[in-house]
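Worksheet for the structure shown next.
The values are calculated or read from the model by the stated rules, or taken from the named source; none is laboratory data. The shown structure was predicted, so the numbers you read here are calculated from the model rather than taken from an experiment. Cβ: placed from backbone, ideal geometry, glycine included. Neighbour counts: every protein chain shown. Ligands, DNA and RNA are stripped out before the accessible areas are found, and what is left, the full protein with its side chains, is counted by its heavy atoms. Shrake-Rupley method; radii C 1.70, N 1.55, O 1.52, S 1.80 Å.
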Amino acid sequence: MAGNWKMFKSPAETTTFFEKFLPLVAASHHAEVVICAPFIDLAAAIGATQGSAVAIGGQNLHWAKEGAFTGEISGPMLKAIGCQYVIVGHSERRQFFGETDETVLKRTVAALEVGLTPIVCVGEMLAEREANRTNEVLKTQFDGGIGGLTPDQFSRMVIAYEPVWAIGTGKVATPEMAADAHRALRGSCEARFGREASQAVRILYGGSVKPDNVQGLMAQPEIDGGLVGGASLEAGSFAGVVNF
Ligand code: PEP
């Protein structure tokens, strides 16, 4: 269960969140729990979660290790501060910051090279779903991004299926819709990396996951976890998702 805080919270608010959140999930051992925080909150998040089972991640990384890239953060930097995960190719980055399948692949490889687990996001826009193009869009995103990994790299990543029309809109995909998309993605994984690897890879669903809809989604065997935006910002609601 991964939380994506997007561009919310100060370091002080981060500390307050974990003071409330950690006791609420202390007895939860059924899921790996991750918070992907803004860069300026990572130190506070990593300090607050020392000794707990909660892992911390970034929300993006540059593919270069270092260099003249004003405003960017690299994989070695995320690793050095104590991150274990990083989100790559979130739809907000694809929509507003020019992310392409090609740059998604470069960032994913850069994350893996330093031992970070990339959570690579794919998903269709509303018009694409309405035109019955969901599986075609997922295949294109897979082929241009994740499909370019080696089998070893693929075994160390997590996929997040996030229909763009469900992100931050309150419109959650039905469990069946999400499971269909996960099956299509797993089919692409099998065609490229084989059956065993495709069964082992974790595919998270993201898009308006909340405490009151998480159970139905997680009841689908195809859905291995969630990438949660809005509902991860408040300790009680994210604990409600984690403890479904
Ligand atoms: C997200 O940011 O990845 C996300 C799924 O957001 P929300 O849960 O708010 O729809």
* Separation between the T15 and M177 pseudo-spin-labels, each 7 Å from Cα along Cα→Cβ, expressed in nm? -> 4.2
* Structure fact -> In nanometres, the difference between 0.36 nm per residue of separation and the alpha-carbon distance of R156 and T169 is 1.6 nm
* Asked: Farthest toward the dipole's positive end in the chain, which of G82, V209, A191, given Cβ charges of +1 (Lys, Arg) and -1 (Asp, Glu) about the Cα centre?
  -> G82
* the range 149-164 - phi-based ³J(HN,Hα) in whole Hz, Karplus 6.51/-1.76/1.60, Gly and Pro as x -> 7, 7, x, 5, 4, 4, 6, 10, 10, 10, 9, 10, 8, 10, x, 4
* Measure off 7 Å from each Cα along the Cα-to-Cβ vector at A27 and F39, then give the distance between these two points in nanometres to one decimal. => 4.1
* To do: Work through the residues other than R133 whose Cβ is under 15 Å from its Cβ and net out their charges, Lys, Arg +1 and Asp, Glu -1.
  => -4
* **Dimensions in Å of the range 147-244 - Rg and Dmax from alpha carbons** => 13.9, 40
* Report P(r) for the range 123-169: all Cα-Cα distances, bin width 10 Å, range 0 to the bin holding the largest distance, values in whole percent. => 26, 44, 25, 5
* Asked: Assigning unit charges at the beta carbon (Lys, Arg +1; Asp, Glu -1) and nothing else, what dipole magnitude in debye, to the nearest 20, does the chain show about its Cα centre?
  -> 160
* Cα-Cα over 24 Å: which of K9/K79; K6/K139; K9/K210; K20/K210; K106/K139; K139/K210? -> K6/K139; K139/K210
* Where the range 21-62 is the region considered: accessible area per residue in Å², 1.4 Å probe -> 41
* **Neighbourhood net charge (14 Å Cβ-Cβ; Lys/Arg +1, Asp/Glu -1) for L78** => -1
* Hey, if you put +1 on the Cβ of every Lys and Arg and -1 on every Asp and Glu Cβ in the chain, which of L227, A131, G47 ends up farthest toward the positive end of that dipole? -> G47
* Asked: Rounded to the nearest whole Å³, what is the per residue volume of the convex hull around the Cα atoms of the range 19-83?
  -> 85
* To do: Anything in the chain that counts as a DSSP H helix reaching 20 Å or more along its axis (C-alpha) with Kyte-Doolittle mean of at least 0.0? List them, would you?
  => 11-25
* Between the range 88-153 and the range 58-79, how many Å separate their Cα centres? -> 18
* To do: Return one whole number: the accessible area per residue of the range 143-244 in Å², for a 1.4 Å probe.
  => 39
* Cβ-defined net charge surrounding H182, 10 Å radius [Lys, Arg +1; Asp, Glu -1] -> -1
* To do: Leaving ligands, DNA and RNA out of it, report the carbon-plus-sulfur percent of the accessible area of the chain at a 1.4 Å probe.
  => 55
* More than 28 Å apart - percent of Cα-Cα pairs taken over the range 32-166 -> 18
* Cα centroid of the range 1-37 to Cα centroid of the range 156-170, whole Å -> 19
* To do: Using +1 at the Cβ of each Lys and Arg and -1 at the Cβ of each Asp and Glu in the chain, identify which of V241, L116, M7 lies farthest towards the dipole's positive end.
  => L116
* For the chain, what percent of Cα pairs sit more than 22 Å apart? -> 50
